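I have placed the structure first, in the form of structure tokens, so that the comments after it can refer back to it.
The values are calculated or read from the model by the stated rules, or taken from the named source; none is laboratory data. These figures come from a predicted structure and were not determined experimentally. Note that we place each Cβ from the backbone using ideal geometry, even for glycine, and neighbour counts take in every protein chain shown. Surface accessibility is based on the protein's heavy atoms, side chains included, excluding ligands, DNA and RNA. Shrake-Rupley method; radii C 1.70, N 1.55, O 1.52, S 1.80 Å.
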Amino acid sequence: MEETLSIIKPDGVGKKIIGTIFKRFEDAGLEIVNIKRLTLTTEKAGEFYYMHKDRPFYPELVKFMTSGPCVPFVIKGENAILKVRELMGATDPSEADAGTIRADFADSIDKNIIHGSDSKESAEREISFFFD
Ligand code: CDP
Ligand code: MG
């Protein structure tokens, strides 16, 4: 069993697809074991994405992530980290496989609906970033 952290980003909350996204994970046999809804401060969003701080898209990413409420949640299941990444689809929705969350709902690479931890280490860090 694994736990991973996902975030429905402000565009996903704005599009009112929280329930749709939860259902996709539940239908895939995963369990949602903790949920929050909050608006990130610039400081917190910057800290969450610190690994990208030198990338050209970082300032816009932080601005976008603070632009409205987001929904961080913890997903549990066998191979949850990889399964969540597969259900999300590629970072750039134009490259995401058909039927993935990003292919179906994301407008662009910088407004791509959802975050998911990419490794055991980041899952641990990101779960404790939002949940005690
Ligand atoms: O979210 P994911 O792990 O798929 O991608 P990432 O490479 O870790 O990038 C984190 C986030 O930065 C992406 O989900 C996008 O929101 C944003 N990003 C962007 O705006 N422009 C890029 N060229 C790459 C990433
Ligand atoms: Mg990433």
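Observations
- Selected residue (criterion: surrounded by the most Cβ atoms within 10 Å (Cβ to Cβ)) from residues of segment 110-129 that are of a type in the set (D, E, K, R) and outside any loop (DSSP other than H, G, I, E, B): 126
- Among the residues of segment 1-45, those that are in contact (Cβ under 8 Å) with a residue 60 or more places away in the chain, surrounded by 14 or more Cβ atoms within 10 Å (Cβ to Cβ) and among the aliphatic types (A, V, I, L, M) comprise 5, 7, 8, 17, 21.
- Verdict on residue 27 being of a type in the set (Asp, Glu), modelled with pLDDT of 95 or more and more than 15 Å from the chain's Cα centre (by Cα): yes
- Residue check, residue 36 of a type in the set (D, E, K, R) and more than 16 Å from ligand 2 (Cβ to nearest atom): yes
- In segment 46-69, residue least open to solvent (accessible area, probe 1.4 Å) [restricted to those that are under 27 Å from residue 30 (Cβ atoms) and away from ligand 2 (no atom under 15 Å from the Cβ)]: 68
- Residue 112 falls short on exactly one of the conditions (1) touching a residue at least 40 places away in the same chain (Cβ under 8 Å); (2) more than 12 Å from ligand 2 (Cβ to nearest atom); (3) on the phi < 0 side of the Ramachandran plot, and that condition is (2).
- Members of segment 73-109 that are under 15 Å from residue 126 (Cβ atoms), open to solvent by less than 40 Å² (accessible area, probe 1.4 Å) and more than 14 Å from ligand 2 (Cβ to nearest atom): 73, 74, 75, 80
- Note on segment 102-132: among residues that are closer than 14 Å to residue 4 by Cα and among the β-branched types (Val, Ile, Thr), the one that is farthest from ligand 1 (Cβ to nearest atom) is 127.
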